[in-house]
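Q: Sending over a structure as structure tokens; questions will come in a sec.
Since every read-out is calculated from the coordinates, none of them should be taken as a lab result. Here the structure is a predicted model, which is why all the values come from computation and not from measurement. Cβ atoms come from the backbone with ideal geometry, glycine included; neighbour counts cover every protein chain shown.
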Ligand SMILES: [Zn+2]
């Protein structure tokens, strides 16, 4: 389990957003189910963090939501927009690239010094 501490939160927000985009591109998602999915991936994220994040992604045009009423009351469902799916495709390329470098024994030096 990766505890999402205040220090790490900003770092992991981007990854959490990518998870949200991925699942919202597959099916309509709602907050509680998404929290459980994120917990499955090792992210402890509460409603006070996730709901503003979902709302912000909707404001940014990546998600679109509607309220659904059922027996258990109402809940807000989110789906990705075409812009969201396009962002997900770009994220896929960038995450693959990052993953590659994270696992290199000797990542490229950025200081300009060449190894001897
Ligand atoms: Zn997932």
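Q: Which residues does the label zone of residue 90 cover in the range 8-27, counting backbone N under 14 Å from a point 7 Å along Cα→Cβ?
A: 18
Q: Using bins 5 angstrom wide from zero, how does P(r) for the range 1-108 break down, in % of all Cα pairs?
A: 2, 11, 20, 22, 20, 13, 6, 3, 1, 1, 0, 0
Q: Also, I was wondering about something else. Calculate the tail of P(r) for the range 49-112: the fraction of all Cα-Cα distances greater than 14 Å, expressed in %. Don't skip to the answer; put the middle values down first.
A: Numbers: 1421 of 2016 pairs.
Summing the P(r) of the range 49-112 above 14 Å gives 70 percent of all pairs.
Q: Have a look at 82, 28, 52 and tell me which one the Gaussian network model of the chain (Cα, springs below 10 Å) gives the largest fluctuation.
A: 52
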